[in-house]
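Below is one structure; the comments refer to it alone.
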Amino acid sequence: MGKKEQLQKLTPEQLEYQELQKKHETQRPVLKNCLKAFLVGGTICLIGQAVSYFYIYFFRFTEQTTGNPTVATMVFFAMLLTGFGVYDHIGQIGGAGSAVPVTGFGNAVISAAIEHRTEGYVLGVGGNMFKLAGSVILFGVFSAFVVALIKTLLTIWGVI
């Protein structure tokens with residue numbers, strides 16, 4: 001059913017309410033929000049690239065092996081900034097630009113831990129730390145398993 005057909009089925013009171021709602025609805029600056037998310041996310045990725053080069057030049061990692069320590073460092077920075085309350089301000093400015101990179105994962109984990117710290121370390125922090133990020137971890141592990149299974153089967157069948 002299209003939007004036009006839905007509007008035809010509404011009573012005059014419902015139509016009047018929809019018009020009133022549209023009149024009072026807050027207009028969101030979509031383009032401005034997208035630009036801020038792009039700039040914040042891009043800055044986080046730029047910092048990640050700088051960390052990657054740091055590992056390459058000072059610790060003699062290769063471009064292939066620098067990924068894991070770079071990700072760990074970026075997650076650590078995000079957790080540290082979340083602990084000091086700075087990452088929340090970055091998130092308010094950048095929106096999805098701060099949540100999509102791997103730093104958003106670190107922020108989600110540590111935010112839940114900080115929120116439940118008054119309940120104790122085991123039941124509070126340990127029990128609730130992965131409340132937000134647990135589904136991401138589960139999906140990542142399951143997806144990796146499925147991709148590895150497909151690759152293994154294709155290798156066995158001689159396709160790749």
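Structure values in brief
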{"item": "Residues (of a type outside the set (A, V, I, L, M), part of a loop (DSSP other than H, G, I, E, B) and more than 30 Å from residue 86 (Cα to Cα)) located in the stretch 117-160", "result": "157, 158"}
{"item": "Residue match in the stretch 36-50 (condition: of a type in the set (D, E, K, R) and under 17 Å from the mean Cα position of the chain (by Cα))", "result": "yes"}
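Every number in this text was worked out from the coordinates using simple rules, so none of it is lab data. None of the values given here were measured: they were computed from a predicted structure.
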